[in-house]
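J.: Structure provided below as structure tokens; questions to follow.
The values are calculated or read from the model by the stated rules, or taken from the named source; none is laboratory data. What you see is a predicted model; the values in this text were computed from it and never measured. Cβ coordinates were reconstructed from backbone atoms using ideal geometry, including for glycine residues, and neighbour counts include every protein chain displayed. Heavy atoms of the whole protein, side chains included, go into the accessibility calculation; ligands, DNA and RNA do not. Shrake-Rupley method; radii C 1.70, N 1.55, O 1.52, S 1.80 Å.
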Amino acid sequence: MKNKTFSNFHYTDTFGILCSIIENGFYYSYCKETLKGGNNSIEYALLMVSFCDIPISKADNHKNKYGKFAIGLKKKWAIENEISPVQYFDEKSELAASAIESLKYS
């Protein structure tokens, strides 16, 4: 069944955490990321709440890793509430190399 209402999902492993999110909002935490570009790479911590846009019908592997409970969000709602989508960089791109240089000096 296609879900045309929600396009982004946050998964969690317990019903209690799901209820806490509904009552108190999302809890942000730091996630360690590695950005590769050209011959360089840089590790940094990013404050985030994890969402995915994997259709529910194809999310079995994701559910096994992050939990079977999910909250669905409309993309429009996320944007209106200043929730930004993930930006992916191809490690061969000029943008990735530029981002690494920027992070080195921040």
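J.: Give the residues of the stretch 69-83 that are in contact with a strand residue (DSSP E or B) (Cβ under 9 Å, 6 or more places away or on another chain) and assigned to a loop (DSSP other than H, G, I, E, B), sorted by residue number.
T.: Of everything in the stretch 69-83, those that are in contact with a strand residue (DSSP E or B) (Cβ under 9 Å, 6 or more places away or on another chain) and assigned to a loop (DSSP other than H, G, I, E, B) turn out to be 74, 81, 83.
J.: From the list 27, 66, 11, pick out the single residue that is of a type outside the set (A, V, I, L, M, F, W, C) and at pLDDT below 90. Give the steps one after another, and end with the answer.
T.: Details: 66 fails: at pLDDT below 90; 11 fails: at pLDDT below 90.
Among 27, 66, 11, only 27 is of a type outside the set (A, V, I, L, M, F, W, C) and at pLDDT below 90.
Matching residues to (1) free of Cβ contacts under 8 Å to residues at least 40 places away in the same chain; (2) surrounded by 15 or more Cβ atoms within 10 Å (Cβ to Cβ):
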site	(1), (2)
81	yes, no
87	yes, no
100	no, yes
103	no, no
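J.: Which pairs do you get when a residue that is on the phi < 0 side of the Ramachandran plot and touching a residue at least 40 places away in the same chain (Cβ under 8 Å), found in the stretch 38-57, comes within reach of a residue that is among the acidic types (Asp, Glu) and outside any helix (DSSP H, G or I), reach meaning Cβ atoms under 8 angstrom, with the pair 6+ apart or on two chains?
T.: So the pair list comes out as 44/33.
J.: Applying the selection to the stretch 67-79, what residues are open to solvent by 100 Å² or more (accessible area, probe 1.4 Å) and touching a residue at least 12 places away in the same chain (Cβ under 8 Å)? Break it down into steps so the answer makes sense when it comes.
T.: Here is the first cut: in the stretch 67-79, the residues open to solvent by 100 Å² or more (accessible area, probe 1.4 Å) are 68, 74-77, 79.
Passing the criteria: 68, 74, 75.
J.: Of the conditions (1) touching a residue at least 24 places away in the same chain (Cβ under 8 Å); (2) not in a loop (DSSP other than H, G, I, E, B), residue 91 clears all except one; give me its number.
T.: Just one mismatch for residue 91, condition (2).
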